[in-house]
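Encoded as structure tokens, the structure appears first; notes follow it.
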Amino acid sequence: MATRLLIFIFLIVLISSFTRNSNSGVTDRNENVNEVVHAIFEANSLEFISKLELLKSLLKENNFDSISLNKMKSVFLECRNFYKINELFSTHFFPTSDLNCNGPVISEVEYEDEPKQMIVKPTGLQVIEVNLYSNHVAENSNEIIKQISHLIDIYSSLTNAFHSKKVNEKDFIEASRTEIDRHFSLGIANFDTPICRNSFEEIKQSLTSLGILMRLIYSDKPSVEIEKIKNQLNDIIEYLNKFKFIEDIDLLFCLSKQYVPLSIAISDYFYQLPKTEYTQSTALRPDQQSIFDKRGFNAFFYNPRGENKNYSVEVAELGKLLFFDPILSLNNKRACASCHRADMAFTDQLPTSAGFHAGKSVSRNAPTILNVALQRNYFWDNRSTDLEDQVGQVIFNSNEMKSSYDLIIEKLNSSAEYKSIFKKSFAETEDTVINKFSISNAIAEYERKLIAMNSKFDKNVRGELNDFTADEKLGFQIFMTKGNCASCHYLPMFSGLVPPNYTKSEFENIGTTKTADFLKPVLDSDSGRGARYRTSIYVGSFKTPTLRNVAMTFPYMHNGAFKTLEQVVDFYNEGGGAGLGLDVPNQTLNATKLNLTALEKSALISFLFTLTDTLGMTDRPNRLPLFPKNSVLNTRVVGGEY
């Protein structure tokens, strides 16, 4: 309440000032944006740092009775509120510094592929929160004070650097759109306030401040589009202010009827602004309507060529042929589709996939390739960072294809039909001949077309349908709140692709067990990412997979240990491996039991079924290209023999 009052009084002064300015003539829009943004940012920065200093002084008093602790927590929440109001600008202009202010409490490794790796400890508000809301505040007080001092230094430098930034209208609208995406993907899941659960209040504070900014900047006869944004902002603020806790909100309604219309209004205005040179810093397309827009993501964002290259339909069709053609394997019997069967949502529904040698299996479960283009990293252990390289990794693997590009190129060149298809598909490009690049690009292009964002959930959140059952609605509420699912499986991909820029995929250590026997649990021995990077903090961590089509992609986990969604939910309900009593160093999953009821578990699973999307599941080649001089090759089976 005190925070709101301070902001209100300060902004009344600002409004009076800018009203006087407007009477002497309408200033240039960009100048107005710059002045308003700087005034508000600096005022909130002063308050933020002032509250941090107050918190530090309270800690130094060494009084940790309940009244004093409550006072400290109250001041901390005020700090967070002031920080959150400025966040749209701090993250837009200084993403690295901002991450040091409010990043997750997870150690990172710099120079992962280098011999001299450096572990970077987390800093900032979330580290302070963990210590302040623990049962050991007195013992942790020096660490909290140290974190506060460090945070003051970072934010003071950030504020000083902001002085030199010229903020134009496009910056303001783009930053606003990104911040709203952040609120309704991470914020509603309490991602950066996992203990104090202050995100809901922060969202309301931030949106209220944004509404005032809009009124200040567009005080002179705003356009119809700006009025629409203002009205949508007012609607959503009015709606949110009816509730005290995020758990009380109908989250599906909030996203469909509040967030999506606001996002569309801002996006429509952003796209009308004068076109300037645009640097793609997010996987979202500049013309996206919302994070749930089925065409809103740029499938070429992670293209290793660094281009928004859009190959022809023929290239994707060639890639589909290659994907289903066992010609890629040494024995001409295994295809990409052997482990990624279209009719099984591009998995094989085996605990771990069949290997190259008969009767042998590979060590891990085959994930779906639906939406695979919208991932920053590939394989469970992060050993590849682009689709083209991922193709090669499978081809070379002695347990999968056991082949080579040279051998594949030699075989493909013996087919006049394949040579003709390559030439036509890559016409007017450098890849008209059959080579490793055209092969990998074609398969990657086919995979980039498999963007599946048209499930029952998507249609309901976009307002195209309104047929969620009561169970499904409750399940979504549990997913976003009590179940903590959305703090790792982020909207809208329900994977580890991190909002709001979607430039990073996360890896988690959840303490996966060897089997679903939770009475006698045994920790799985696979080191995951730790084996790849030889770093202790990564041992046992794996890429967070998508939950889209999860009803069809059983069995679950990297080792296929859990046959049913019921077993998966039970595992998380127990707090993962550590919650089951296992020694799991560096478990990133909260080991506290969720205490879901039987009804809540059932509803959660009902919701997960709404993420099913059958894109591409019946679309496979009728036949494969012929080899006139090789009758053996002409017996190849579409999709492989095993």
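Some notes on this structure:
- Verdict on Q117 being in contact (Cβ under 8 Å) with a residue 40 or more places away in the chain, polar (S, T, N, Q) and open to solvent by less than 10 Å² (accessible area, probe 1.4 Å): no
- D619 meets all of the listed conditions (1) at pLDDT below 95; (2) more than 30 Å from V372 (Cα to Cα) but one, namely (2).
- Put simply, of L589, L624, L608 the only residue that is touching a helix residue (DSSP H, G or I) at 6+ places or on another chain (Cβ under 7 Å), in a loop (DSSP other than H, G, I, E, B), of a type in the set (A, V, I, L, M) and open to solvent by less than 30 Å² (accessible area, probe 1.4 Å) is L624.
- Note on the range 565-580: residues that are assigned to a helix (DSSP H, G or I) and open to solvent by less than 30 Å² (accessible area, probe 1.4 Å) amount to 8.
- K473 open to solvent by 10 Å² or more (accessible area, probe 1.4 Å), among the basic types (K, R), modelled with pLDDT of 95 or more and in a loop (DSSP other than H, G, I, E, B): no
- Some residue of the range 255-276 being among the aliphatic types (A, V, I, L, M), in a loop (DSSP other than H, G, I, E, B) and open to solvent by less than 50 Å² (accessible area, probe 1.4 Å): yes
- Set K166, K146, K170: member being assigned to a loop (DSSP other than H, G, I, E, B) and among the charged types (D, E, K, R): K166
- Candidates in the range 524-549 are the residues that are modelled with pLDDT under 95 and basic (K, R); of these, the one that is nearest to F494 (Cα to Cα) is R529.
- Flag if D153 is open to solvent by less than 10 Å² (accessible area, probe 1.4 Å), assigned to a helix (DSSP H, G or I) and either free of Cβ contacts under 8 Å to residues at least 24 places away in the same chain or on the phi < 0 side of the Ramachandran plot (or both): no
- Selected residue (criterion: least open to solvent (accessible area, probe 1.4 Å)) from residues of the range 627-642 that are touching a residue at least 24 places away in the same chain (Cβ under 8 Å) and β-branched (V, I, T): V638
- Members of the range 364-404 found to be assigned to a helix (DSSP H, G or I), in contact (Cβ under 8 Å) with a residue 60 or more places away in the chain and of a type outside the set (D, E, K, R), listed by number: V372, A373, L374, L387, I395
- Verdict on K360 being among the basic types (K, R) and either surrounded by fewer than 18 Cβ atoms within 10 Å (Cβ to Cβ) or closer than 24 Å to D524 by Cα (or both): yes
- Selection within the range 531-564 - under 23 Å from the mean Cα position of the chain (by Cα), part of a helix (DSSP H, G or I) and surrounded by fewer than 20 Cβ atoms within 10 Å (Cβ to Cβ): R532, I537
The values are calculated or read from the model by the stated rules, or taken from the named source; none is laboratory data. Not measured: the values here are computed from a predicted model. We place every Cβ from the backbone using ideal geometry, glycine too, and count neighbours over all the protein chains shown. SASA here: full protein model, heavy atoms, side chains in, ligands and nucleic acids out. Shrake-Rupley method; radii C 1.70, N 1.55, O 1.52, S 1.80 Å.
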